[in-house]
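Visitor: Pasting a structure here, questions to come.
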Amino acid sequence: MHIDKLTRIDLNLLVILQVLLEEQSVTRAATRLNVSQSALSKSLSRLRLHLQDPLFTRTAHGLKPTSHALHLQQHLPKLLQGLYQLTQAPSFDPVNSDRHFSISMLESAYATLLPTFIGPLLQQACHIHLDVLGWKEGSMQDLQKGKVEFGITGIDYGERQQLKIDNLPDELAYKILFSDHQTCLVNDQHPALQRVKNNTWDMESYLSCNHLQVSCDGNKFWAIDFALDRHNKQRNIISTLPDFYGGASVCAHSDLIFTLPSSFVPHAQKLYPLKQIPLPFPLNGMAYVLLWHRDNTDEPGHRWVRNMICDSIDNVFKYDIK
């Protein structure tokens, strides 16, 4: 492309050519463009010079396009429409857009949150494409590099219920979707159920049990393990699994305790006869957050999808930190 040569051409001449092709009359074209006939004739002369073609011949019925002009007529409308779009302020039309978006989601959030927003989003923007990916060790970097548009993951609360965002990259913005807390699942014959009933379910009895753990974001240990470590205590983790559904299955078929976000409990209990019991000691809660690159904060398409996700989740979940 010899883009430097475009500086020698007045692009307004293309608009004039399009009107002349539509009207095939200098008089009608001049009236439509609100210019004099002489001015339009001068513009036509410039067009002929630039394009090295007469473009039109005069007949008793008006202007007759040359074969080259007819060829140009096939491409000009789309070209001019594209130039027009380039001059417009950024916008997003969900009804007609066919854009592609991608979102990486933590597995526990995938099961809990995706059903809340996927329906409303695709109902209002039925032509867009949404790729849902699992949250993995490199997902944060993918957001930074623009390989994915959105991410949903969990971040723990620290002291005074302040979200621990110190390790969040500066390039990323976030919004809290809802807050959650840790709870426990056991099979329906687990000895811990009797301890809960007898009010003897405490940290000592919790730590005397064997546990399973789901590895999230490549991390084997969760906030609960670091909190216990500060008191020189630790869980006896017998089994580590890559996903929550696998954890629910192992929990249902063993005496291992499954400590997990409470929002996933209903999904596990739909599949297995599991019982929920409380975590027997205080632990700061966590929050599911929506992440995106700050450069996309005001981009209309990103903003529309982001608002759809947040509003849909907000309409369903009203969790408090416990």
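Visitor: Relative contact order (percent) for the stretch 36-132, with alpha-carbon contacts under 8 angstrom and 6 or more residues of separation? Mind showing how you got there, number by number?
Guide: On the way: 55 pairs, mean separation 22.2, N = 97.
Once normalised by length, the contact order is 23 percent.
Visitor: Given +1 on the Cβ of Lys and Arg, -1 on the Cβ of Asp and Glu, and no further charges, what dipole in debye does the chain carry about its Cα centre, rounded to the nearest 20? Walk me through the numbers on the way to the answer.
Guide: Details: 30 positive and 32 negative charges, 249 e Å.
Charge dipole of the chain: 1200 debye, to the nearest 20.
Visitor: Spin-label point model (7 Å from Cα, Cβ direction): what's the Asn199 to His75 distance in nm?
Guide: 8.6
Visitor: Another question, then. Please report, in debye to the nearest 20, how large the charge dipole of the stretch 212-296 is about its Cα centre when each Lys and Arg carries +1 at its beta carbon and each Asp and Glu carries -1 there.
Guide: Working: 7 positive and 6 negative charges, 38 e Å.
In total the dipole reaches around 180 debye.
Visitor: Please sort 96-109, 230-243 by packing, taking for each peptide the average over its residues of neighbouring beta carbons within 10 angstrom, highest first. Spell out each step's value before the answer.
Guide: Values: 96-109: 18.4, 230-243: 13.1.
Result, highest mean first: 96-109, 230-243.
Visitor: Only one of the listed values, (i) 67, 18, 15; (ii) 53, 20, 15; (iii) 39, 21, 19, was derived from the coordinates as semi-axes √(5λ) of the Cα gyration tensor in Å; which label is it?
Guide: (i)
Visitor: Okay, next question. Can you give the accessible area per residue of the stretch 140-190, in Å², using a 1.4 Å probe?
Guide: Working: 2670 Å² over 51 residues.
Accessible area per residue, the stretch 140-190: 52 Å².
Visitor: So if R0 is 22 Å, what FRET efficiency would Ile237 and Lys164 give, r being the distance between their Cβ atoms, rounded to the nearest 0.05? Don't jump to the answer; show the numbers that get you there.
Guide: On the way: r = 23 Å, r/R0 = 1.02.
Result of the calculation: an efficiency of 0.45.
Visitor: Here's something else I'd like to know. Go through Lys42/Lys64; Lys197/Lys220; Lys164/Lys275; Lys220/Lys275 and tell me which ones have a Cα-Cα distance over 26 Å in this structure. Display every interim value, and only then the final one.
Guide: Working: Lys42/Lys64 18 Å; Lys197/Lys220 31 Å; Lys164/Lys275 31 Å; Lys220/Lys275 24 Å.
Those over the limit are Lys197/Lys220; Lys164/Lys275.
Visitor: So, one more: Choose one answer from Gly151, Gly301, Gly246: the residue with the largest mean-square fluctuation in a GNM of the chain with alpha-carbon springs under 10 Å.
Guide: Sorting by GNM fluctuation, first place goes to Gly246.
Visitor: Sticking with this structure for a sec: Using the Cα centre of the chain as origin and beta-carbon charges of +1 (Lys, Arg) and -1 (Asp, Glu), tell me which of Ile103, Leu177, Leu86 is placed farthest towards the positive end of the dipole.
Guide: Of Ile103, Leu177, Leu86, it is Leu86.
Visitor: Please work out the C-alpha center-to-center distance from the stretch 115-148 to the stretch 52-68 and express it in whole Å.
Guide: 53
Visitor: Hey, another quick one. Taking 0.36 nm per residue of separation and subtracting the Cα-Cα distance, what length does fully extending Glu22 through Lys64 add? It would help to have the intermediate numbers written out before the result.
Guide: Numbers: separation 42, 0.36 × 42 = 15.12 nm, distance 1.09 nm.
Here the answer is 14.0 nm.
Visitor: Here's something else I'd like to know. Determine the relative contact order of the stretch 176-322: mean sequence separation of Cα pairs under 8 Å and six or more apart, normalised by residue count, in whole percent.
Guide: Values: 201 pairs, mean separation 63.5, N = 147.
Contact order relative to length: 43 percent.
Visitor: How much FRET efficiency would the formula 1/(1 + (r/R0)^6) give for Gln37 and Ser91, where r is the Cβ-Cβ distance and R0 is 35 Å, rounded to 0.05?
Guide: Working: r = 38 Å, r/R0 = 1.07.
Given R0 = 35 Å and the Cβ-Cβ separation, E is 0.40.
Visitor: If you don't mind, another one. Ignoring any ligand, DNA or RNA, what whole percent of the accessible area of the stretch 175-215 comes from carbon and sulfur when the probe is 1.4 angstrom?
Guide: Values: 830 of 1900 Å².
Carbon with sulfur: 44 percent of the solvent-accessible area.
Visitor: Continuing with the same structure: Along the charge dipole of the stretch 214-322, Cβ charges K/R +1 and D/E -1, which of Ile277, Ser312, Phe264 sits furthest on the positive end?
Guide: In the stretch 214-322, that residue is Ile277.
Visitor: Pairs of Cα atoms under 8 Å, at least six residues apart: use those to get the relative contact order of the chain, whole percent. The partial results should precede the final answer.
Guide: Details: 458 pairs, mean separation 70.2, N = 322.
In percent, rounded to a whole number, it is 22.
Visitor: If you don't mind, another one. Rounded to the nearest whole Å², what accessible area per residue is found for the stretch 228-322 with the 1.4 Å probe?
Guide: Working: 4840 Å² over 95 residues.
Accessible area per residue, the stretch 228-322: 51 Å².
Visitor: Please report the carbon-and-sulfur percent of the accessible area for the stretch 55-136; probe 1.4 Å, protein heavy atoms only, DNA, RNA and ligands left out. Walk me through the numbers on the way to the answer.
Guide: Details: 2910 of 5000 Å².
In the stretch 55-136, the share of accessible area belonging to carbon and sulfur is 58 percent.
Visitor: Taking only protein heavy atoms and a 1.4 Å probe, what accessible area per residue, in Å², does the stretch 16-135 have with all protein chains in place?
Guide: With all protein chains present, the stretch 16-135 gives 60 Å² per residue.
The values are calculated or read from the model by the stated rules, or taken from the named source; none is laboratory data. Predicted model only: the values in this text are computed from it and were never measured. Every residue, glycine among them, receives a Cβ derived from its backbone with ideal geometry; neighbour counts consider all protein chains shown. The protein model used for the area step is the full one, side chains on, heavy atoms only, and it has no ligands, DNA or RNA in it. Shrake-Rupley method; radii C 1.70, N 1.55, O 1.52, S 1.80 Å.
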